[in-house]
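A short worksheet on the structure shown next.
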Amino acid sequence: MHAIVIAAQGGPEVLEYVERPDPTPGDGEVVIDVAASGVNFLDIYHRSGAYPLQLPAVIGSEGAGVVSAVGSGVREVAVGDTVAWAGVLGSYADKAVVPADQVVPVPEGVPADLAAAVMLQGMTAHYLTHSTHEVKPGETVLVHAGAGGMGQLLIQIAKLRGARVIATTSSEAKEKLAREAGADEVLHYDDFAEALGGQVDVVYDGVGATTFDGGLKVLRPRGLMALYGAASGPVPPVDPQRLNAAGSVFLTRPKLADYIADRDELLGRTSDLFGWIAAGELKVNVHQRYPLAEAARAQEDLAARRTTGKLLLIP
């Protein structure tokens with residue numbers, strides 16, 4: 001099998017396309033022939049050292065494919081099943097070993113590559129709109145980076161819940177994509193705070209440093225800022241008194257692992273996502289598919305914001 005391995009953390013040059021022995025499953029594990037692996041900012045953080053790893057490591061935390069072997073004690077899936085997973089390292093490879101209780105079945109009507117594309121971002125959009133803040137009909141939601149893969153999913157799911165959605169983008173071309181996803185209004189980053197005042201119930205911010213201050217300004221009293229990423233860099237330390245001054249607003253820095261804390265929660269979120277995809281209610285925009293060996297180029301394109309949807313690696 002082939003895999004993308006890092007022996008040291010650093011720039012894209014540390015991503016090595018190497019040959020490795022085929023894996024075998026341990027107790028409670030399955031081996032999956034990977035059909036597609038998602039590319040995410042999380043992978044860049046793992047590669048760069050922002051999130052330390054035990055090295056050497058095969059990176060990538062999201063994928064889908066067909067089960068080719070099962071270890072002892074596996075009851076959840078069988079050889080030949082199409083499954084998807086997120087939150088387990090090793091998806092940048094031809095074959096991946098994943099704990100059976102962390103894979104989910106992919107139903108007929110949902111292609112494996114779309115299942116791979118929606119696991120991390122889709123479940124994140126789901127928990128943000130259903131659990132971090134339960135979006136209600138008539139609420140006003142602000143989604144930063146509305147043309148990105150994550151932003152487009154957040155817009156669509158918030159609309160499914162009946163919200164008025166405002167998105168931010170950096171160009172007219174990206175504005176068009178955000179509107180196609182369902183955004184009611186699209187603003188540019190440099191003027192969104194002045195345009196919105198204090199009318200927003202919840203801000204979903206995966207951009208971080210460049211949008212955080214403006215996001216606090218647009219929240220209504222007792223509104224919520226969900227800071228789920230930092231594509232533009234980390235937010236500096238925040239004085240809690242700022243939340244008081246902004247109208248007793250709430251600030252949370254959530255992560256997916258805490259919102260799929262058990263298998264029932266994992267299955268519930270993915271069942272909703274796959275159901276919406278199969279019904280045509282949720283569109284997954286795959287911007288580009290790259291050969292596995294070109295993982296470095298995919299990460300460079302993502303980091304440079306040259307993309308407007310999901311990126312996939314195809315073994």
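In table form, for the structure just shown:
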item: Mean separation of Cα contacts under 8 Å, 6 or more apart, over the residue count of the range 3-136: relative contact order %; result: 27 percent
item: DSSP-defined beta bridges in the chain - what % are antiparallel, rounded to 5; result: 55 percent
item: Accessible area of the chain belonging to carbon and sulfur atoms, whole % at 1.4 Å probe; result: 51 percent
item: Computed over the range 58-126, Kirkwood Rh from alpha-carbon pairs, angstrom; result: 12.2 Å
item: In sequence order, calculated HN-Hα J values of the range 101-114 (Karplus, 6.51, -1.76, 1.60; Hz; x Gly/Pro); result: 7, 10, 9, 10, x, 9, x, 4, x, 10, x, 4, 5, 6
item: Extension gain, Arg305 back to Ser271 (0.36 nm per residue minus Cα-Cα distance, nm); result: 9.2 nm
item: Solvent-accessible ranking of Glu134, Glu108, Glu194, largest area first, probe 1.4 Å; result: Glu108, Glu194, Glu134
item: Cut-off under 5 Å, modelled amide H: who pairs with Leu251 long-range; result: Met225
item: Computed FRET value (nearest 0.05) for Ala209 with Ala257, which takes r as the C-beta separation and R₀ as 25 Å; result: 0.60
item: Linear extension gain, His188 paired with Glu172, 0.36 nm per residue minus alpha-carbon span; result: 4.8 nm
item: Percent of alpha-carbon pairs separated by more than 24 Å within the chain; result: 52 percent
item: ³J(HN,Hα), Karplus 6.51/-1.76/1.60, whole Hz, each residue of the range 263-278, x for Gly, Pro; result: 5, 4, 5, 4, 5, x, 5, 5, 4, 4, 4, 5, x, 5, 5, 4
item: Efficiency of FRET between Arg297 and Lys136 - r from beta-carbon atoms, R0 41 angstrom, step 0.05; result: 0.45
item: Relative intensity, log₁₀ I(q)/I(0), of the range 82-231 from a Debye sum that treats every alpha carbon as a point, q = 0.21 Å⁻¹; result: -1.25
item: Table column - 3J(HN,Hα) (Hz), the range 163-174, Karplus curve with 6.51, -1.76, 1.60, x for Gly and Pro; result: 7, 8, 10, 10, 10, 10, 8, 10, 7, 5, 4, 6
item: Calculated diffusion of the range 200-297, Stokes-Einstein form, Kirkwood radius summed over Cα pairs, 25 °C and 0.890 mPa s, µm²/s; result: 150 µm²/s
item: Packing-based order for 276-285, 166-175, using average beta carbon neighbours within 10 Å, highest first; result: 166-175, 276-285
item: Kirkwood-type radius of the range 243-315, with distances r between different C-alpha atoms, in Å; result: 15.8 Å
item: Histogram of C-alpha separations across the range 164-213, 10 Å bin width, %; result: 24, 60, 16
item: Accessible area per residue in Å² at 1.4 Å probe, computed on the range 65-208; result: 34 Å²
item: Mean separation of Cα contacts under 8 Å, 6 or more apart, over the residue count of the chain: relative contact order %; result: 18 percent
item: Virtual spin-label span in nm between Glu281 and Asn244, 7 Å along Cα→Cβ; result: 4.3 nm
item: Rounded FRET efficiency, nearest 0.05, which uses the C-beta distance separating Glu108 from Gln54 and R0 of 51 Å; result: 0.85
item: Normalised contact order of the range 96-237, rounded percent, pairs of Cα under 8 Å and 6 or more residues apart; result: 19 percent
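The values are calculated or read from the model by the stated rules, or taken from the named source; none is laboratory data. Because the structure is a prediction, the values reported are computed rather than measured. Every residue, glycine among them, receives a Cβ derived from its backbone with ideal geometry; neighbour counts consider all protein chains shown. Surface accessibility is based on the protein's heavy atoms, side chains included, excluding ligands, DNA and RNA. Shrake-Rupley method; radii C 1.70, N 1.55, O 1.52, S 1.80 Å.
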